[in-house]
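See structure below.
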Amino acid sequence: MAKEFRIYNTLSNRTEALLPKKKDHLTFYSCGPTVYSYAHIGNFRSFLTADLILRTANAIGWDVTYATNITDVGHLTEDDLTDPSGEDRMVKALKSKEGEQFVNIWDLARHYTETLVEDWHRLNLREPTVRPRATEHMREQIAAVQKLMANGHAYETDKGVYFSVTSFPEYGKLSGNRLENELEQTVRDVVVDDDKHDPRDFALWKKDDKHLMQWFSPWGWGFPGWHIECSVMAMSYLGETIDLHAGGEDLIFPHHECEIAQSESLTGKPFATVWAHTRFLQVEGEKMSKRLGNFFTVRDLVAPESEGGKGIDPLAVRMTLFSGHYRKPFNFTMKTLKGNVRHRERLEEIIAMVGHPEEGTGDYAGETGTVLAGMYERALEAMLDDLNTPAALAQLFGGTKMILGKGDALDEQARAAARRWLSDMNALLGVVYYDDAPAPAEVEDPLAAQVEPLLQERAAARAAGNWGRADEIRDELSALGVDIKDAKDGTTWKRKQQI
RNA sequence: GGUGACGUGGCCGAGUGGCUAGGCAAGGGUCUGCAAAACCCUGUACGGCGGUUCGAGUCCGCCCGUCACCUCCA
């Protein structure tokens with residue numbers, strides 16, 4: 001029986017079945033970041049939505065051709081202008097304190113691309129089929145602009161080439177921003193290109209022979225507009241009409257609206273069947289901003305304390321980012337993160353109890369297996385229903401509780417079923433263990449050298465019934481920032497969470 | 001001003017007409033030298049006012065409140 005994958009389509013404002021043009025093969029494009037800084041948790045909430053779509057589609061047996069781009073051209077902060085006085089975010093980053101470490105703008109782009117991919121793997125996001133870069137598709141972008149000019153959808157001024165919005169009557173169908181005068185209502189105190197035909201017209205090419213990144217075109221030296229790269233790369237790898245296009249909610253307008261206008265003017269065909277957008281997250285109840293001090297990059301949270309991070313389990317960060325529905329406002333708080341660190345510890349306990357799925361899984365046999373199979377089915381159903389991640393997590397917690405509750409009473413058949421369940425749940429949600437990439441290398445904790453002798457001394461004291469000394473050592477360890485736990489087969493320790 | 005979302009128990013967060021969501025916190029208990037962890041038990045909430053219905057958190061209308069986007073943003 002074929003499963004139906006339902007997802008909210010911004011274009012129709014309805015939740016509808018995702019129907020790949022080619023049976024059981026989804027073509028999917030997700031807008032990636034501009035690489036001018038380390039990616040923050042908000043960026044990753046959006047990438048994570050794409051990852052969950054990929055996992056859910058795979059879980060019902062679909063093949064997915066998944067492209068997510070790297071924008072390594074710094075675009076002007078005022079996108080509709082070709083006036084080079086506007087500031088480029090990558091140039092701005094290069095001139096900043098942080099930017100001093102880079103030889104040039106290309107070096108900066110390379111660095112932030114590499115670190116993006118590192119963070120991507122830390123959060124257990126699966127690799128896309130392709131990860132195209134804007135700078136590597138310059139020829140196609142220029143060709144697309146030429147074609148748009150030839151079609152009468154674009155025109156040239158002294159400052160650049162613009163897309164003519166009036167040439168595409170459906171402009172506004174995605175965002176609802178149809179009115180010409182709305183743009184004029186926005187207060188702006190920047191210089192506008194007076195030669196533009198319509199205030200809504202946006203740049204396809206910007207003439208600028210002073211820019212740090214420039215290419216030669218039929219219009220002289222310059223660089224492409226922001227929107228054209230995604231149109232070109234999506235069509236290059238996925239075809240003229242793609243099944244699903246995703247991104248953050250801020251991209252609805254102007255970015256995706258402009259992509260539609262350009263792409264459909266080029267091909268005369270619908271550009272994407274379904275558009276999915278992830279809502280911004282808030283942090284501690286407010287919009288994330290550096291000024292408010294609630295701005296977190298992934299690295300801030302997951303890097304080891306010795307490297308200035310908080311040393312938080314990356315999979316707990318991942319779990320937190322989807323503990324709210326992707327289409328609702330979500331408030332990321334340290335309290336929620338802390339709760340998910342606990343959930344992750346419980347998952348680790350289960351793996352210690354029933355074994356790692358990589359050691360081999362079984363069928364959903366026996367009574368335990370039947371219950372776990374039902375939990376997986378419900379989790380999958382939840383994900384198929386517009387990525388209902390909180391409901392899917394409830395199933396994960398339910399199974400966790402059951403397995404921990406039965407503990408040593410589980411026989412080998414039940415343990416094998418549990419490993420199968422962990423494997424299936426992980427394939428769907430990616431929070432049990434790293435499945436697509438090797439886990440970040442374990443580093444030797446320098447604290448171990450201090451802790452181990454004390455634990456040995458304490459074990460001796462306990463064996464001798466010297467409880468006073470044993471408790472004293474526990475206090476000493478606590479002062480070092482270490483929590484210990486006595487179990488049947490010895491004492492384990494871990495760092496106290498710093499959050 | 002335009003457009004779109006949302007308002008659920010102390011907190012977070014599912015739930016589109018009748019059937020226990022779940023988690024965290026809290027209280028009680030089991031276990032343990034003591035801790036910790038784990039496990040068990042305990043909570044009938046849906047912004048307000050009308051309406052539809054045998055029955056509404058769920059549908060309709062109005063009101064109140066919060067948030068987002070409207071050329072920096074994932």
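Across chain A, C-alpha contacts under 8 Å between residues 6 or more apart give a mean separation that, scaled by the residue count, equals a relative contact order of 16 percent.
For chain A, the longest principal axis of the alpha carbon atoms and the long axis of helix A:389-406 meet at an angle near 10°. Taken over the Cα atoms of the stretch A:1-52, the convex hull encloses 114 Å³ per residue. Karplus-derived 3J(HN,Hα) values for the stretch A:279-291, using 6.51 cos²θ - 1.76 cosθ + 1.60 with θ = phi - 60°, are 6, 5, 9, 10, 10, 6, x, 9, 4, 5, 7, 5, 4 Hz; glycine and proline are entered as x. In order along the stretch A:453-464, phi translates into HN-Hα couplings of x, 5, 5, 5, 5, 5, 4, 5, 5, 5, 4, 8 Hz, rounded to whole numbers, per the Karplus curve 6.51 cos²θ - 1.76 cosθ + 1.60 with θ = phi - 60° and x for Gly and Pro.
In this structure, the amide hydrogen of A:Val64, modeled 1.01 Å from its nitrogen in the peptide plane, lies closer than 5 angstrom to those of A:Leu26, counting only residues at least 5 positions away or on a different chain.
Grouping the Cα pair distances of the stretch A:6-278 into 10 Å bins from zero gives a pair-distance distribution of 7, 29, 36, 22, 5, 0 percent in increasing distance order.
Against the criterion of solvent-accessible heavy-atom surface with a 1.4 angstrom probe, A:Arg415, A:Arg318, A:Arg110 sort, most first, into A:Arg110, A:Arg415, A:Arg318. Using C-alpha pairs below 8 Å separated by at least 6 residues, the relative contact order for the stretch A:6-278 is 25 percent.
When A:Arg45, A:Arg89 are compared by accessible area of protein heavy atoms, the largest-first order is A:Arg89, A:Arg45, using a 1.4 Å probe. Please give me the summed charge of the neighbours of A:His343: other residues whose Cβ is under 14 Å from its Cβ, Lys and Arg +1, Asp and Glu -1. Residues near A:His343 contribute +3 overall.
Helix A:138-150 and the long axis of chain A differ in direction by around 40°, with both axes built from C-alpha atoms. Considering only alpha-carbon pairs that sit under 8 angstrom and 6 or more positions apart, the relative contact order computed for the stretch A:288-447 is 24 percent.
Taking amide H atoms as placed 1.01 Å from N in the peptide plane, the amide H of A:Asp201 lies under 5 Å from those of A:Val165, each 5 or more residues away in sequence or on another chain. Amide H contacts of A:Val274 (H built 1.01 Å from N, in plane; Pro and chain starts excluded): A:Leu244, A:His245 sit under 5 Å, all sequence-distant by 5 or more or on other chains.
Taking the longest Cα principal axis of chain A as reference, the axis of helix A:334-354 is set at about 60 degrees. Within the same chain, lysines fewer than 8 places from A:Lys147 are excluded, and of the rest, those with a Cα less than 30 Å from its Cα are A:Lys21, A:Lys22, A:Lys159, A:Lys173, A:Lys196, A:Lys206, A:Lys207, A:Lys210, A:Lys269.
Using alpha carbons only, the radius of gyration of chain A set against its Kirkwood radius gives Rg/Rh = 1.04. When nucleic acids and ligands are ignored and a 1.4 Å probe is applied, A:Thr157 ends up with an accessible area of around 10 Å². 3J(HN,Hα) along the stretch A:35-40, derived from phi through the Karplus expression 6.51 cos²θ - 1.76 cosθ + 1.60 where θ = phi - 60°, amounts to 8, 10, 6, 6, 5, 9 Hz, with x in place of Gly and Pro.
The values are calculated or read from the model by the stated rules, or taken from the named source; none is laboratory data. In this text the structure is predicted, and so the values were computed from the model without any measurement. Here Cβ is always computed from backbone atoms with ideal geometry, including for glycine, and neighbour counts include all displayed protein chains. Each accessible area value is taken on the protein alone, full model and side chains, heavy atoms only, with ligands, DNA and RNA left out. Shrake-Rupley method; radii C 1.70, N 1.55, O 1.52, S 1.80 Å.
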